[in-house]
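A.B. asks: The structure that follows is given in the form of C-alpha cells.
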Amino acid sequence: MHNARSAIVLLFIGMVVFSCRSGFENPDNMQLFRYNEDLNITSLDPVYARNQANIWGVAQLFNSLVELDDSLHIKPAIARSWDISEDGLTYTFTLRDDVFFHDDICFTSGKGRRVIASDVVFSLNRLIDLSLNSPGAWVMNQVARLEDGSLAAFALNDSTFVLKLSSPFPPMMGLLSMQYCAIVPHEAITYHGRDFRRNPVGTGPFRFSYWKEGVKLVYLRNEAYFEYDGNYRLPYLDAISISFIKDRQTAFLEFIKGNLDMLTRVDASYKDELLTPVGELQERYHDKLIRISQPFLNSEYLGILMNEERLPDDWPLRSKKVRQALNYGFDREKMLTFLRNNMGTPAHAGFVPVGMPGFTENKGGYHYDPDKAAQLLAEAGYPGGEGLPVITLRTNQAYQDIAQYIQFELARLGLRIDIDVMPPATLREMMANGEAPFFRGSWIADYPDAENYLALFYSANRSPSGPNYTHFSNTTFDSLYEASQLITSDEERFAIYRKMDALITEEAPKVFLFYDQSNRFVHKQVENMTNNPLNHLILKRVRINN
C-alpha cells in the first residue's frame, strides 16, 4: 500500500514539475506543500547549512540529537534523553532505537539502517574536517580534542554517546540542535563523496526525490519516520515542492494565485499591497490568508569601528558622546512605520533582541531625543555639528532607504552623513577586515542564548578571526563575558548578561536600529503552520485541508 501511494505521489510531482498550468488539480487530495526560495539552495549537506535557504532545505531531511520547540526549549530528537555532569564538561546522550536512515543505494540492498552512537561521532567530526571547510566548524570550538585532533566524542555502545567539553559552555545544547550537527551515515559520504550535497541521506520526516538546481526541488514523505502525533506517524504531508523564482514580485503573484502555499518575505515591491501602513493584513485578504508573525532574533544596527590604530586622529566617532548622539538623533518608531510597515520593534533596549529566552530587556537604551543629542554634540566639542567632518556610512542597496532616512534625520543636528552603497559581499569583506569605519550590519542568532550576541564584543573575537566587527575592547566587559562562561545557573548567567548589554549600550559601539520580526503568510487551507524566534521552518505537522 505504501509503495502504491508513493508511486502515485511521484507521478503527481512529476506532473507538477513539468506543468505550469494554473489551477492544476490535486488527484486524490495529495498533501503537497509548495513554497518558493528566491535566495536559492546551494547544498543539502548539513555541514553547509549556513544561511536560511540551506537551513530550511536541510531541516526537512535530517535530525540532530536534540531540537528546539516553538518556545526555543530543548527537546529530544535522535537522543531520547541526556545527562550533563555537575562540572558542565561531560554530556551523555541515550539514543532512540527506532530512528532509521532513509533508503539509499549506499546501503546494502538499498535499505536504510538504524542510527547508532558511532554515527553521531562520525557526523560531528565531519564539521571539523579541514578538507570540507565547513562554515559550522566553530560549533565544536568548546569540545575537547584528542591527541589526533579529533573531537572528544565517544560511542560507549550503540545507544550511548558521550561528548566532553574543554571548559563549561551552558549554550552547548542549543548548538547541538543546529542543522550543522545533523546526523549522517558514513556509507552515504563514502558512496556519494562530494556529491552528497545533492544526494542527501538523513533521518528526517521527508526524503530527497528530485532537484533541478535553480528550478525545482522535491521531497517525499518518509514512510518510516520515527515521530508520531498521537497514533499517527508524522509527517502529514505527502510531498514538498520548492521553486526558485528569483523575482519576489513574481513569487508574490504566484502565491496570491494559489500556486504557492506560503510567502515568507515581505518585499518593498508588494508590502503595501499586502500590509496596511501600521503592519496589519490588508482587509481584502482577511478571508484568504493567515499571517503568522512574531519577534525574530535578529538585531539590525550601524557598526562603528573602535580600533584606534586604524582610525585617523580626527575621527569624530572616537568620542563616546558623538556615538551616543547618533543613537539619540533619529526616531526609530517613525523609521519602522514609514519604511517597514511596522515590521519590527524599535531597538530601545540594547543589542540583545526582544524575544531572547530568559532575557529581561535593558531599560537604559536610546529613544529619540534631539535635545539630548544636541547637548552631547556640544559637550563633545561640536556644537550644532560645527567642526564635524562628513561621516561615510557603508551599506548595501537593500538598506539604502533606512540609511537615507537616518542621513536626513541626523542632518538636522548638523551631522553630515555620506552614503556609500556597495554589493553585500564587498561590504562583508570590508567589515571582516576592519576597513569599514561606519557600516550597516545585522546579527541573526545561531542558537537561543544571549551569549551569541554578546560574543560580538569580546576582545578575543576580533575580526577577521571572529564576529567582533567593531573591534570593541573593554576589560570590564571581557571579565564579565569570561565569568559568564563558567556559570551553569541560568538566572545567575542572565544577570551577568544584562550587565554586559548595559555596558555595550553605554559605550555605543553600534547605533541600535531595530529588532526584526518574522512574517509568514499561508492560505487558509494550510493547517498547523508555526514559527519560532529563530525563524525555523518545521513542516512535519503541517497539513493541507483540501
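A.B. asks: Touching a residue at least 60 places away in the same chain (Cβ under 8 Å) and among the hydrophobic types (A, V, I, L, M, F, W, C): which single residue out of 425, 455, 432, 445 fits that description?
C.D. replies: Only one candidate qualifies: 445.
A.B. asks: With the structure loaded, tell me whether residue 188 is surrounded by 18 or more Cβ atoms within 10 Å (Cβ to Cβ), over 25 Å from residue 205 (Cα atoms) and more than 26 Å from the chain's Cα centre (by Cα) or whether it fails that test.
C.D. replies: Here the answer is no, as residue 188 does not meet what is asked.
A.B. asks: Just need a number here: residues in region 113-158 that are of a type in the set (S, T, N, Q), in a loop (DSSP other than H, G, I, E, B) and surrounded by 17 or more Cβ atoms within 10 Å (Cβ to Cβ). First the steps, then the outcome.
C.D. replies: As a first pass, look at region 113-158 and keep what is of a type in the set (S, T, N, Q): 118, 123, 125, 131, 133-134, 141-142, 150, 157.
Right, trim to in a loop (DSSP other than H, G, I, E, B) and you get 131, 133-134, 141-142, 150.
With surrounded by 17 or more Cβ atoms within 10 Å (Cβ to Cβ) added as a condition, the list becomes 134, 142.
The total comes to 2.
A.B. asks: Quick check on region 420-436. Is at least one of its residues modelled with pLDDT of 95 or more, touching a helix residue (DSSP H, G or I) at 6+ places or on another chain (Cβ under 9 Å) and within 20 Å of residue 340 (Cβ to Cβ)?
C.D. replies: yes
A.B. asks: Hey, among the residues in region 306-344 that are of a type in the set (A, V, I, L, M) and out of contact with any Lys or Arg (no Cβ under 9 Å at 6 or more places or on another chain), which one's nearest to residue 378 (Cα to Cα)?
C.D. replies: The extreme case among them is 322.
A.B. asks: Go through (1) more than 24 Å from the chain's Cα centre (by Cα); (2) among the small types (Gly, Ala, Ser); (3) assigned to a loop (DSSP other than H, G, I, E, B) one by one and return the number of the condition residue 495 breaks.
C.D. replies: All conditions are met except number (3).
A.B. asks: Does residue 158 satisfy the condition of being among the acidic types (Asp, Glu) and under 27 Å from residue 226 (Cβ atoms)?
C.D. replies: Spelling it out, residue 158 is indeed among the acidic types (Asp, Glu) and under 27 Å from residue 226 (Cβ atoms).
A.B. asks: Considering only residues that are more than 17 Å from residue 50 (Cβ to Cβ), of a type in the set (S, T, N, Q) and at pLDDT 95 or above, which ones fall in region 143-177?
C.D. replies: 150, 157, 159, 160, 166
A.B. asks: If we keep just the residues of region 35-51 that are surrounded by fewer than 17 Cβ atoms within 10 Å (Cβ to Cβ) and either modelled with pLDDT under 95 or touching a Leu at 6+ places or on another chain (Cβ under 7 Å) (or both), which is farthest from residue 193 (Cα to Cα)?
C.D. replies: So, considering only residues that are surrounded by fewer than 17 Cβ atoms within 10 Å (Cβ to Cβ) and either modelled with pLDDT under 95 or touching a Leu at 6+ places or on another chain (Cβ under 7 Å) (or both), the one farthest from residue 193 (Cα to Cα) is 38.
A.B. asks: Moving to a separate point now. Can residue 252 be described as surrounded by 13 or more Cβ atoms within 10 Å (Cβ to Cβ), in contact with a helix residue (DSSP H, G or I) (Cβ under 8 Å, 6 or more places away or on another chain) and aromatic (Phe, Trp, Tyr)?
C.D. replies: It is true that residue 252 is surrounded by 13 or more Cβ atoms within 10 Å (Cβ to Cβ), in contact with a helix residue (DSSP H, G or I) (Cβ under 8 Å, 6 or more places away or on another chain) and aromatic (Phe, Trp, Tyr).
A.B. asks: Return the only residue of 188, 224 being more than 30 Å from residue 483 (Cα to Cα) and in the same structural domain as residue 42 (by TED's automatic domain parsing).
C.D. replies: Of the residues listed, the single one that is more than 30 Å from residue 483 (Cα to Cα) and in the same structural domain as residue 42 (by TED's automatic domain parsing) is 224.
A.B. asks: While we're here: If I ask for residues that are closer than 16 Å to residue 205 by Cβ and of a type in the set (Phe, Trp, Tyr), which ones from region 87-108 would you list?
C.D. replies: Correct list: 100, 101.
A.B. asks: Another question, then. Filter region 163-201 down to residues that are assigned to a loop (DSSP other than H, G, I, E, B) and more than 22 Å from residue 102 (Cβ to Cβ), then give me how many there are.
C.D. replies: Residues that pass the stated criteria total 6.
A.B. asks: I would also like to ask the following. Across region 209-261, what is the number of residues that are within 21 Å of residue 29 (Cα to Cα), without any contact (Cβ under 8 Å) to a residue 40 or more places away in the chain and β-branched (Val, Ile, Thr)?
C.D. replies: 1
Table: residues versus (1) farther than 21 Å from residue 533 by Cβ; (2) in the same structural domain as residue 226 (by TED's automatic domain parsing); (3) among the hydroxyl-bearing types (Ser, Thr, Tyr); (4) free of Cβ contacts under 8 Å to residues at least 40 places away in the same chain.
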site: 29; (1), (2), (3), (4): yes, yes, no, no
site: 33; (1), (2), (3), (4): yes, yes, no, no
site: 36; (1), (2), (3), (4): yes, yes, no, no
site: 41; (1), (2), (3), (4): yes, yes, no, no
site: 46; (1), (2), (3), (4): yes, yes, no, no
site: 68; (1), (2), (3), (4): no, no, no, no
site: 72; (1), (2), (3), (4): no, no, no, no
site: 76; (1), (2), (3), (4): no, no, no, yes
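A.B. asks: State whether the residues of region 238-250 include one that is within 19 Å of residue 61 (Cβ to Cβ), among the acidic types (Asp, Glu) and touching a Lys or Arg at 6+ places or on another chain (Cβ under 6 Å). First the steps, then the outcome.
C.D. replies: The first filter runs over region 238-250 and keeps only residues within 19 Å of residue 61 (Cβ to Cβ), leaving 238-244.
This time we only want the ones that are among the acidic types (Asp, Glu), so: 238.
From the residues that got through so far, the ones that are touching a Lys or Arg at 6+ places or on another chain (Cβ under 6 Å) too are 238.
Yes.
A.B. asks: Quick one: in region 74-97, of everything that is out of contact with any Lys or Arg (no Cβ under 8 Å at 6 or more places or on another chain) and surrounded by fewer than 15 Cβ atoms within 10 Å (Cβ to Cβ), which residue is farthest from residue 144 (Cα to Cα)?
C.D. replies: 75
A.B. asks: In region 44-94, what residues are part of a helix (DSSP H, G or I) and either under 21 Å from residue 119 (Cα atoms) or of a type outside the set (Phe, Trp, Tyr) (or both)?
C.D. replies: Of everything in region 44-94, those that are part of a helix (DSSP H, G or I) and either under 21 Å from residue 119 (Cα atoms) or of a type outside the set (Phe, Trp, Tyr) (or both) turn out to be 46, 47, 48, 52, 53, 54, 55, 57, 58, 59.
A.B. asks: Follow-up. Go through the residues of region 225-235 one by one and say whether even a single one is farther than 17 Å from residue 42 by Cα, surrounded by 22 or more Cβ atoms within 10 Å (Cβ to Cβ), among the hydrophobic types (A, V, I, L, M, F, W, C) and at pLDDT 95 or above.
C.D. replies: Checked region 225-235: no residue is farther than 17 Å from residue 42 by Cα, surrounded by 22 or more Cβ atoms within 10 Å (Cβ to Cβ), among the hydrophobic types (A, V, I, L, M, F, W, C) and at pLDDT 95 or above.
The values are calculated or read from the model by the stated rules, or taken from the named source; none is laboratory data. If you're wondering where the values come from, they're calculated on a predicted model, not measured in any experiment. When we count neighbours, we look across all protein chains shown, and the Cβ atoms used for this are built from the backbone with ideal geometry, even at glycine.
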